[in-house]
């Protein structure tokens, strides 16, 4: 069995969306995945305005929440991706599942095996569409041993993602060397820079976003 760790990136655990998200995820600890809560203080500064994002965009087009989200993911990886685990699962504060925690743990084991087999660096349990439009296109031939997964060249959102052990050193180095971006954009860009197709997704997503107020861009978010 793979040794997996899940870091739940939280901000206000009294908010409904975070309370519901915790209720969906905390019980993974009863089925073989270590569950850790990382509670962050919302960022309100302007440091990011003087730092060009990894994608080269104008930092003035971003908000404090984008910088805060990036720093929260970076902290989760640097503090928790220890060399004794086989994979690190990162979940945002509004992540909810449409399967039981036990089923999610079983699926995570298979996802970790799939990533190891195909040398996938970045895996998502979440959605593949935005507004009904497909964003994560299939790449390569299906794997009949793991029919529930698909290699792709792009992952959207980052509310429930897995970074496998063989990618640990790369991500630890990338977080130290590369500039910042929104977590989902940064993760895609970091993997693209390896020059290989190292993304994978669920053919049928099992993780979604609970509706609520987003601290990243100060808007109300509905389920995709």
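Restricting the stretch 20-33 to residues that are within 17 Å of the chain's Cα centre (by Cα) and more than 13 Å from residue 104 (Cα to Cα), which is surrounded by the fewest Cβ atoms within 10 Å (Cβ to Cβ)?
We begin by selecting, within the stretch 20-33, every residue within 17 Å of the chain's Cα centre (by Cα); these are 21-22, 24-26, 28, 33.
Then keep just the ones that are more than 13 Å from residue 104 (Cα to Cα); that gives 21-22.
Values: 21: 26, 22: 18.
Once the filter is applied, the top-ranked residue is 22.
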> Yes or no: residue 172 at pLDDT 95 or above and assigned to a strand (DSSP E or B)?
Replying inline: no
> Residues in the stretch 27-39 that are touching a residue at least 24 places away in the same chain (Cβ under 8 Å), within 19 Å of residue 76 (Cβ to Cβ) and not in a strand (DSSP E or B): how many?
Replying inline: 1
> When you scan the stretch 67-88, how many residues do you find that are surrounded by fewer than 22 Cβ atoms within 10 Å (Cβ to Cβ), part of a helix (DSSP H, G or I) and in contact with a helix residue (DSSP H, G or I) (Cβ under 8 Å, 6 or more places away or on another chain)?
Replying inline: 3
> Does residue 195 satisfy the condition of being assigned to a loop (DSSP other than H, G, I, E, B), touching a strand residue (DSSP E or B) at 6+ places or on another chain (Cβ under 6 Å) and farther than 23 Å from residue 33 by Cβ?
Replying inline: no
> Inside the stretch 179-224, can you point out the residues that are modelled with pLDDT of 95 or more, buried (at least 16 other Cβ atoms within 10 Å of the Cβ) and more than 21 Å from residue 104 (Cβ to Cβ)?
Replying inline: 180, 181, 182, 185, 186, 188, 189, 190, 191
> Of everything in the stretch 37-51 that's touching a helix residue (DSSP H, G or I) at 6+ places or on another chain (Cβ under 7 Å) and surrounded by 14 or more Cβ atoms within 10 Å (Cβ to Cβ), which residue is nearest to residue 103 (Cα to Cα)?
Replying inline: 38
> Does the stretch 89-101 include one or more residues that are over 16 Å from the mean Cα position of the chain (by Cα) and not in a loop (DSSP other than H, G, I, E, B)?
Replying inline: yes
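The values are calculated or read from the model by the stated rules, or taken from the named source; none is laboratory data. Since the structure is predicted, the reported quantities are computational estimates derived from the model, not experimental observations. All Cβ positions, glycine included, derive from the backbone under ideal geometry; neighbour counts span all protein chains shown.
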